[in-house]
Each structure stands twice: as structure tokens, then as C-alpha cells.
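Written below as C-alpha cells is the structure these notes are about.
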């Protein structure tokens, strides 16, 4: 398939741009990884190899707490937005009324709203109703922000599942709810995996919303990183950055490989990119 | 036999038979979005007419003072600057994203998925840390300048604290949102179209503009939106990489919620930003939808 | 337009009965007061062009679409308000609608598992069913790895295994290529005979309908134009639409005048069997092209002189266009019989005399 | 007064809440700690956790306003480290708990007889605060890039360093610098004076590289030749980071420098004030103050630790802060909402233009 799509002559221009792009893309990341191994607290000169910043990281409870807080926020927000976003996608796909279209438009608004606006709005809301800023408020804001991503991806997949599949389930003895549970949701699994990974990664790294809505709990990692880089970064941050990169690389590889292991044709990466129907 | 048993059950009311479940599914997320999004936006609008009390707290009021404060040359100039940076970010992103997406989608072969993964991975590693890494790399005595001096190409370039550093940071932060939709639409593109185009238009450049570009317009439009919006609201790039005169709207908003201690003014800024965006979006949607109708 | 409920010869309760079944979508009538009885064990086809309401009718029987008015009875029981999962009806969908997350056995056994059948029985029945549709060795495959024909069989097996009172088939062969379609038609008919379940088959392909069905209903614009055995609807169409939709017909319009239809001042076609028209009524007549002879005419035939204007060779048959008057050209289909030699063939310009038996003149109102 | 349900419906009634009494210095739970990032030596914090068997849950702020907003939103912290003027505000609003020095074994390290901190300007009778650090703001420069420094704030306009000058991205510091240069009060909110200061600051933009608080890395990376800078950051840069300490120098400009102090306070709504008291006492131990000084490079006004700091700053006396320096005019004072917003609007305009 891939072979058939390849064009005969490679356009040199595009290939060169791509090569330069990859170099540009990875240069700062390699720098982060390199300086996380520096034996000195410098980000401009590499003086020698050392694991001291990883050691620092392991012994820096505040950073570890932040890392765990971010993992927790990302996990809960992913589950929450998957549930709500999938419900929304199913509802919107099937309720084809005027009301449904209005709801559909409103729920997509977070996608076209700059994050700083969403962040300010969330801060004002939580403060206004007297909700103490905490990990809970971060999670609430992140779920609100992520629902739209899940909805878009799941709707994309649903559009490819003919209405007849649902009818077939009803025809074969399923109540509407059973049809949903036994047929539609299993069919959506690749989309759910893809959306889940995307949301997890976005929330884990989200700074702006977390910045406006975080409170007393251990700070989400990006907020902590921000607090420290305004006044100069500790190379322990580089160590964290390197670990995050490795973690997200593993996640993406999982997104690529897992669906293949389950024997499904489409990988969730295709769903993220919207390609390969 | 179970089927027969169920026969006795009272039939469901006719028309509601198939839609109640979907309606019910819609209810919870809709309520959520109303409570946490629509309602919060309403508070922003309300507070934009508010004031700050003597003890420094934001409070509702009915004053237009915040909006009047915005109507000032400095803020207007800043608005145009932000718009300019965001547009430049979009333009550069397109110039990067098209060749990259093209090369990967049409010449990636069996490495296609691996290449896309390689593009996506860095964007899931901390945005802040990557931005900060640029700061270290591009500083006057940083690695890039050391490299330039070492190779004798130049005796140092001032990268940091310039508008280009801010735009570069924005491009670096958001270009993936341009690559993915363009990649997706190139993926769906029928390659024979391009080949036919080459016969018809003689030469890859004309083919690109006559065949490939129009066929992938949807992806391009999506990417433009996905890059423009976050670029316009960003405040990290200008803060970490910017100079003395590269303040953007995002910085202004953030300033009011931190040092400025003026939430009502910050709210008014946010509303103004959304209003401007809405105007731009409507204009953009009009333009793209009429263009899309052309053959 | 539709006639009174068509009686069935079977004494048993019909599998499916529709009474004044009506469906409107936003003001336009899609199915118009349909009355129909389908006998138990019958292979019944709903034949019509797309948009005629046949699929909507099917969906109302399956329960996917609520009738605007009227009733649906399955096995004599009113199921009009019964949700699909409680109806003793199963469907083979046009897109097959297989469950991609289950393997073939999972798909086929799905309905039985819903009914809580024990595992051993379920496994046995799934295996039997897969044997019946000749997929015994593909049980562990994912549907996405099967060919179109195989997917079609899975869809059939998945529905049949539930032994419904009636099996609804919504253009199940439309996605297959011609050759496979012909093979599947025969197989489907054989399977139906073997299991004895009532089949309600929706199609727009007249060959399919004629070759497989016990009875065919021709549907157009929400009403049944004609219902009968394949032979009946072919040989004795009762409406212009039926005559035109099934096979080809030479359709002529004229005026009823003393046992004949006057097509033009010079041509008047006798229709001895026809009753019910008054003098001067406008009527149409239809004559099937293969009923018209160009040679070996018998005395009982009605005869008409004409000129060959075009011929085209189709292997088993040759089609001639014969001009009678400048306004009237008839199509004639001639069997290429073994005794015919090449120099026997008609060529354009030949004067011919054609003829057909009067009972082959069908008068339509 | 806050109506239930919406915090934005309120009147302007002044707040004058009596201070809750001091807690006993007894462990009463994990410590919820709210500070600038990296603003205590990790091993000191770790030592506390080990010694007392409690966890320190850390949150950070990146501005005093951010700190205040979180407190005002009702978030509960056990110990906070505000700049002096914020102690005034928090105390006035009844947001702080009293601290009884008698509960602290090491109280005499800061509240010894004759100590400035017995009666600091920001906290009458030191009722709610214990001093944490003191620092001044001056100008750091690269001796290998810039030869002519005048010892005035005017050096931030040094044409020799054009394009390599940084001003702190901090409202109070930037305004104070302009005010001192013009001979005004560092806390001025007079419209006419602010207007002049605005013009002055905008006149700097042509020479300026950026506004940034990352003073250390701007100097290390070579971008900054002249940097508006905090004394502690300079010491850290020179002593802790630089390959060649001699290429960096620091001056305390002759017009005067802002000298400020941070303090430990315990919010009124703290859940574990006892642990906070124990923590403050622990930080006042001279050995811990020295460990923190060697990490932060800011002087801690802990009596037995001061010689160690003087030693640390011996090469750059301008970086040293004498306790007596605190008795000057150039401290950042608490201003009214109008004044704060006028100053903020001016600063925003400077940055935005």
C-alpha cells in the first residue's frame, strides 16, 4: 500500500526542509538531555558527565510531588474527559436536531478559545463560587478543556461506523444501552485509546490552565517548572524534561503499536492525525 | 424462548423509542459545559464591567472604565503586534509544515508512521522546558553562537530577545498543529492526481499550486486555525524569549492577574481579545467557505 | 391505488402482515397505506427503484423506523410499538454491518448469546450455521479480513441463526460483483429452502427478484403497483410502471374502441381478453419484444407490416427495431436458433411482417 | 463581607479582624509550605522532614500578587514567605496568626536585645512575623565587556552596553530604580511623577535587551552586560557559577538602593500552625541558616550566621546587607488599591509600548 503511494521522484526541496526541520525540532531536546547529564549547574557549557541532577531529582520531594500531581491530574482528567466526551460524541452523532447542533457548536468552543481565556474564565468561576483552588479545580478545568478533543476524535470514528451496525445490534436482541455497551463502545476502542493518549499528554504538559487554577496541593509539574525558570532553572528540571520526553515517546509508541497487537487495522495515531480511513 | 417471555412487556412509547438514550447521553456533558465553560465565560464578561475594592478584591459593578482604559494607543499597538506575530507564526508554520508533511506523507514509505511519531513526540515533552532550552541554546554565548564562531561563519548573532525569537518560539511550540492536518489531507490525496497534474502542468511547482494545494485546502485551513489561536494567546514565548518591546496580549492578560492586581481590567482584556477573535474567525470562515466552493 | 389485502393461499397465519402502513417524512409520503400479507415460508421480494419506499417498509417491519400510521403484524401479533430487540425478526443489512471487534464466530453467535443460550448449544449452533454458509474454517477470522462474499455470508448466518419468523434482507447482494451475485442468488434461494424461514427480500434488481422469489411486489412511490408470482407480474403487468420496470415492453397508448386499441388512424391492436374499459377510454398496451415473431407466423396471430430500421446482435438473441409508422417503432427480440444461417438474417431496410398472439397484448390503464 | 455563592459581590467595608493567638511550637501535621521556587536549600527541608517525621507539601508562587491571590481565594497554607510590605497587608486584613517568640528556642538569634527586628517597620512588635532574608537591588555588570561604570542607576543607560542591558521584570523594582534616579520616593504613586518615570523607562527601551527576572542566566549566557539585579543572585552568579569570577562586578548605586526583607508568616487559616512554628524555629538554627545562605546566597539575619555571610560576600562588599541598612527609606511599602493600580497601569504601559 505504502509502496503504491510513493511517487517516483523525491522532491529535493521537501526532503531538505524535512531534514532541517528534524534537526531544529530535536536540537533543544538533545540540549535538555545533554545538560541534564552536566556535572555543573550551567546550561551553556558542558563540563563533564554526571548523574547528580537525577540524584537531585530523586531527592527533591517537591519536584517528585509535582510529577506525581501531574500524573494524577492527567489520569483523572483523561478518564473524566473520555467519559464525558464519548457521551457527547454519541449524543451529537445521533441527536440530529437543532438543539443538538447548538450543543455541538458550544462544546467545540474550547478548541477555538485561546487557553489563556479558558484559564482566566476558570479562575474567575472557581474563585467566584468560592471553590478553593486545588488539584480538584485544575482537574475540573482540564476536563472542560479536553472534552472537545475527545468528542472530535470519537465523532470522527463514529462517522465511519455505519448506523446499520447499531441497528444490527438492536436487531440481534440488544436494548439501546446494550447496543452501546456491547457493540458501539468496543468498536470505538481505537479512537478511545488515541483520544486518551492525546488528552493525557496534553494535560500532563498543560501549563496555562494549571497556572490559573492551581492552589494548595502540590503544584502541577509545568507550574513548578514555570516558577523556577522565571528565576533561573535548576538542571534537575532538565532531568525531569528528559524523563518526560522518554515517557511521552513510550506513550506514542504504545499508541502506534498497541492497536496492531489487538489486530486492528487502524492505529490510534491515524485517528489523531485523522488520516488513513 | 427468552424472546417470547419478553413479549408480554409493555411496549415503549412510540416516538421516544430510539432517542431517549442519546438524549440522556447528551445531558450530562452539556450540563458540564454549561456550568464550567459557558457560565465561566459569563463571569468574565460580568467582571469586565467590575472594579477593584479598597482591600484589593475584584467585585462586580457596572462601570465601563476598564474598556475605556483599553482604548489607548499603547494597547492598540500591542494588539496589532500580537496579531502580526500570530500571523507570522502561521505563515512560517505553513512554509515548514507543507514540505515536511509532503515528504512524510508521499515519500515516507514504510517509515511514515515512525516519522510522524518522531514529529509528535517532542511536542508532548514539556513546552516550557523546550522553550527554556532555546533560551540557553540561543544566548549570546550559547551553543549555537559558539558553533557559529567556532566554524568562522559569524562572530555571533543576537537571536534572543528579538521579535524573531518570540515568533520562532511560537512556531516551535505550535507547528505540529499545522503538520498533522496537512499530513492527514495529503494522506487522503489520490497520488494519481499529482501524476496527472505533472503531465498536465509540466513541472512540480505548478502541479503543487494547481493540484496538491487545492486538494489539501481543508487540512491547511484547519492548521491555520489551530496555530493562529494558541499563538495569539501565548505568553510564554514572549516572556522567555522576548525583548523589551515584544509584549503580547497574553502577557498583558497575565500581567493583570498577577502583578497588576486588576482582575476586572484583565477580564475586559480577555473579552476584547475574544471579541477580536470572533470577528477574525467569522471573516476567516466566510473567506474559506467561499473559496472552498470554487472548483 | 393499492388494492384490498391480497389473500394468500396458505391457511396458516401470515408471517408478516402490514395494514394501512404509512410513513411520511416532513410532509412527503414515503410509504402510502400499504397492505400486504407474506405467507409463512415464502420467499417474498419487494422490487422497485430507489426511493420507492421499499427500504422504509423493511425498516418499519424491523422496528428501526416508526410508522406514521398503520400496523405491522409479525406472526399475527401486533408489533407496531415493539422495539427492534423484542421483535422476532432479523435483518441482513446492505452494508452487512458486521461487528469489527468480534471474530466471525462472535458475530454469528451474537444474537443467541443475547438470549442467554448455554455455551455448548451456542457453539454447536454457530458451527452448524457456519457449515451451512460454507464458512466452517473461518470462524476465528476478523470480518475485516474476509472477502465481500464471505462478509455477506457472515451477515446472513448472523441473522439466520436466530430462526426469526421472518428474515429481512436489504439489498444484500448489491455490493457484490455480477458473477458472485449470481452465485449468491442461487445459494440464498437454496438456504431459504433448507431452513424454511420466511424471507422478505428488498431489491431493485428485477432479475434477482424474478429468479429467487415465490412472489414479487413491485413498489413505486410508496405504493405496491402489483403483487404476484414472478411469472404473473412479468406476463401480465397491470400498470404502465410494472410493465416498464420489469423487462422491456413495447408500450403504446391509444383509445379503446370495440375490442381494439386504436394506436393511430391506421393501426388498431385487438385485445380480446380485456374488460372494463368503455368506448373512447385512453388506454395503454404493452407487448413484450420476445413475444413478437418475424417469421413462422401462425394464423391466430395479429399481424402488422413494418420495416427493419436497425438490428443488433446479442449472442443468444438479436434485437430488431421495426418501424410501423413514422411515429411507431417496436422492439422485437428474436432467438438465434440453430437452424438460422447468417444469410437468413434481417438487415435494415427489409420489409417484414410481424405478428403476436392476441393474448400477449396486455392492456394497461 | 462575602455573600455565599459569589465572591464578587462585596462592599468596601475595611477589614479589621483581631489576630488569632499564636500556636504552640508542636508538630500538628504535615507542613503545607508556600514559597518562591527553589528558595530554601532542599537538604534543609529534607532534614526537617527526617527530624520531625512529617512531610513538607510544597507549593510555589512566582509573584507576591500570585501568592496573595491564592491566600485571598481561601487556600490554606501553614507557612508563607512574603516580602515585608505584604506582611503589612496580610496583617491588616487579619490573614495572619500571631507568632509568640517565647515558643521559639532560637528566637534570640533574631530578636536579641537591640535587634532591628524587635520593631521592624512592617510589623509592630514583630507580632506576626519572623525575619527570613534581607537583600538589596543594584546593578551587576561584566567587567570584560563594559569599562565605564559610574556607580549610578544611570549605568542602566550605559551606551557601551547598548542591546545588552536588562531591567528586572518586576514592577516595584523597575519603578524604584526610575524613582531613585529622579529623586522620588520609591513608592511614589503621584501621577506627575509616574509620568516622568514612565518617560524615563521608555527612554531606556532603545538600549534595553529585555525585561527579565532570570538575571543569573542572562548574565551567564552572555546576553547581559549590565543587569538590574538582586544582590543574592549576583553572589550566586559570581561565587557559584562563573568560570571567571573577576569578570563580574556589582554596584549599589549612589542614589540609593531598595533594601527589602522577607519574613516567615503563618496564615490565620493554617491547618498546622504548630508544625509551622517548629519549622520556623528549625530554620532559625544558625547551622540551618548557613546552609540556606550557601544555597541562596542571600543573608539571613540570624545572629550567629551573619559572619558566615560576610565571609561569603567578602569579595563584593556591595552585596552585603547590614541590618542597619534596613532603617532606610527605600523599602517597598504597602499602598492603597488606587495607588497600586496607577503604578501597575504605568508599568504595563512601559512594557507594552
Note to self: I'd like to compare A:90-98, B:84-92: which one has the highest average count of other Cβ atoms within 10 Å, and what's the full order after that?
What the structure shows: B:84-92, A:90-98
Note to self: Can you give me the C-alpha center-to-center distance between the stretch C:80-95 and the stretch C:250-310, rounded to a whole angstrom?
What the structure shows: 47 Å
Notebook entry, point to check: Normalised by the residues of chain D, what does the relative contact order come to in percent, with Cα pairs under 8 Å and at least six apart?
Noted result: 27 percent
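Restricting everything to alpha-carbon atoms, can you work out Rg to Rh for the stretch D:5-110 with a Kirkwood hydrodynamic radius?
On the way: Rg = 15.7 Å, Rh = 15.9 Å.
Ratio value, two decimals: 0.99.
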Notebook entry, point to check: Over all residues in A:54-67, what is the mean tally of Cβ atoms on other chains that come within 10 Å of each residue's Cβ?
Noted result: 3
Next item on the list: Find how many whole Å separate the alpha carbon centroid of the stretch D:325-339 from the alpha carbon centroid of the stretch D:190-217.
Entry: 19 Å
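Within 10 Å, count the other beta carbons around each residue, average over each peptide in A:240-247, D:302-309, C:329-336, and list them highest first.
The densest-packed peptide leads the list: A:240-247, D:302-309, C:329-336.
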Note to self: In 10 Å bins starting at zero, report the fraction of Cα pairs in chain C per bin as a rounded %.
What the structure shows: 5, 21, 25, 21, 15, 9, 3, 0
Note to self: Which residue fluctuates most in the GNM of chain A (Cα springs below 10 Å): A:152, A:225, A:58?
What the structure shows: A:58
Notebook entry, point to check: For the Cα atoms of chain D, what angle does the longest principal axis make with the long axis of helix D:337-352, in degrees from 0 to 90, nearest 10?
Noted result: 40 degrees
Next item on the list: Select from B:26, B:200, B:128 the residue whose mean-square fluctuation is largest in a Gaussian network model of chain B (Cα-Cα springs shorter than 10 Å).
Entry: B:26
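Using a ≥ b ≥ c from the Cα gyration tensor of the stretch C:248-364 (square roots of the eigenvalues), is it rounded, prolate or oblate, where a/c under 1.5 gives rounded and otherwise the larger of a/b and b/c decides, a/b for prolate?
Numbers: a/c = 2.32, a/b = 1.94, b/c = 1.19.
Prolate shape, in that a/c is at least 1.5 and a/b is the bigger ratio.
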Notebook entry, point to check: Sorting C:314, C:236, C:85 on the 10 Å Cβ count, fewest up front, what's the list?
Noted result: C:314, C:236, C:85
Notebook entry, point to check: Out of the DSSP beta bridges found with both residues in chain D, what percent are antiparallel (nearest 5)?
Noted result: 60 percent
Next item on the list: Quantify how much of the Cα-Cα distance distribution of chain A extends past 32 Å, in percent.
Entry: 39 percent
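Rounded to the nearest 5, what % of DSSP beta bridges with both residues in chain C are antiparallel?
Of all bridge pairs located within chain C, approximately 75 percent are antiparallel.
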Checklist line | Residues D:6, A:174, sorted so that the one with the fewest Cβ neighbours within 10 Å comes first | finding: D:6, A:174
Next item on the list: Relative to the longest principal axis of the C-alpha atoms of chain D, give the angle of the C-alpha long axis of helix D:286-296, reported between 0 and 90° and rounded to the nearest 10°.
Entry: 40 degrees
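Kindly state, to the nearest 0.05, the FRET efficiency for residue B:42 paired with residue D:10, given R0 = 22 Å and r defined as their beta-carbon distance. Intermediate results must be reported in sequence, preceding the final value.
Working: r = 19 Å, r/R0 = 0.85.
Calculated value: 0.75.
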Margin query: With an 8 Å Cα cut-off and a minimum separation of 6 or more residues, compute the relative contact order for chain A in percent.
Written below: 27 percent
Next item on the list: Mind telling me which of D:66, D:29, D:140 comes out most flexible in a GNM of chain D, alpha-carbon contacts under 10 Å?
Entry: D:66
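From Cα pairs below 8 angstrom and at least 6 apart in sequence, can you work out the relative contact order of the stretch C:159-233, rounded to a whole percent?
Once divided by the residue count of the stretch C:159-233, the mean separation gives 26 percent.
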Checklist line | Sequence ranges A:29-38, B:140-149, ranked by mean other-Cβ count within 10 angstrom, highest first | finding: A:29-38, B:140-149
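Which of the three applies to the protein assembly as shown, rounded, prolate or oblate, going by the alpha-carbon gyration tensor with a ≥ b ≥ c and a/c under 1.5 meaning rounded? Write out the running numbers ahead of the final one.
Numbers: a/c = 2.97, a/b = 2.46, b/c = 1.21.
Since a/c reaches 1.5 and a/b is larger than b/c, the shape of the protein assembly as shown is classed as prolate.
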Margin query: Averaged over its residues, how many other protein chain Cβ atoms are within 10 Å of peptide D:310-322's Cβ atoms?
Written below: 0
Next item on the list: Could you calculate the FRET efficiency of residue B:53 with residue D:190 from 1/(1 + (r/R0)^6), where r is the beta carbon distance between them and R0 is 22 Å, rounded to 0.05?
Entry: 0.45
Notebook entry, point to check: How big is the gap, in Å, between the Cα center of the stretch D:245-311 and the Cα center of the stretch A:45-80?
Noted result: 27 Å
Item checked: Label-point separation in nm, residue D:247 to residue C:229, each point 7 Å along Cα→Cβ -> 10.7 nm
Note to self: Give me log10 I(q)/I(0) at q = 0.08, 0.15, 0.16 Å⁻¹ for chain B, Debye formula, one equal scatterer per alpha-carbon, no solvent.
What the structure shows: -0.55, -1.25, -1.32
Check: Under a point spin-label approximation (7 Å from Cα along Cα-to-Cβ), what is the residue A:45-residue C:275 distance to one decimal in nm?
Finding: 11.8 nm
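In what sequence do B:80, B:20, B:32, D:86 fall when counting other Cβ within 10 Å, fewest first? Numbers along the way, then the final one.
Values: B:80 9, B:20 12, B:32 20, D:86 23.
Fewest-to-most ranking of B:80, B:20, B:32, D:86: B:80, B:20, B:32, D:86.
Can you give the translational diffusion coefficient of the stretch C:164-290 in µm²/s, computed by Stokes-Einstein from the Kirkwood radius over Cα pairs at 4 °C and 1.567 mPa s?
Working: Rh = 16.8 Å.
Translational D for this selection: 77 µm²/s.
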Check: Can you give the average number of partner chain beta-carbon atoms within 10 Å of each beta-carbon in peptide C:110-117, as a whole number?
Finding: 5
Next item on the list: Return one number: the angle in degrees, 0 to 90 and rounded to the nearest 10, between the long axis of the Cα atoms of helix C:119-132 and the longest principal axis of the Cα atoms of chain C.
Entry: 20 degrees
Note to self: Compute the orientation-averaged projected area for the stretch D:210-351 from the convex hull of its Cα atoms and round it to one decimal in nm².
What the structure shows: 11.4 nm²
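Between residue C:365 and residue C:12, what FRET efficiency comes out of the Förster formula 1/(1 + (r/R0)^6) with R0 = 35 Å and r the beta carbon distance, rounded to 0.05? Spell out each step's value before the answer.
On the way: r = 34 Å, r/R0 = 0.98.
Efficiency computed from Cβ-Cβ geometry: 0.55.
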Item checked: Principal axes of the stretch C:119-228: Cα extent on each, largest first, Å -> 47, 29, 22
Margin query: Place a point 7 Å from Cα of residue C:190 in the direction of its Cβ. Which residues in the stretch C:133-170 have their backbone N less than 12 Å from it?
Written below: C:133-134
Checklist line | Cα gyration tensor shape for chain D, rounded if a/c is under 1.5, else prolate or oblate | finding: oblate
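A short reminder: the numbers here are calculations on the coordinates, not readings from a lab. All of these numbers come straight from a predicted model, not from anything done at the bench. Cβ atoms come from the backbone with ideal geometry, glycine included; neighbour counts cover every protein chain shown.
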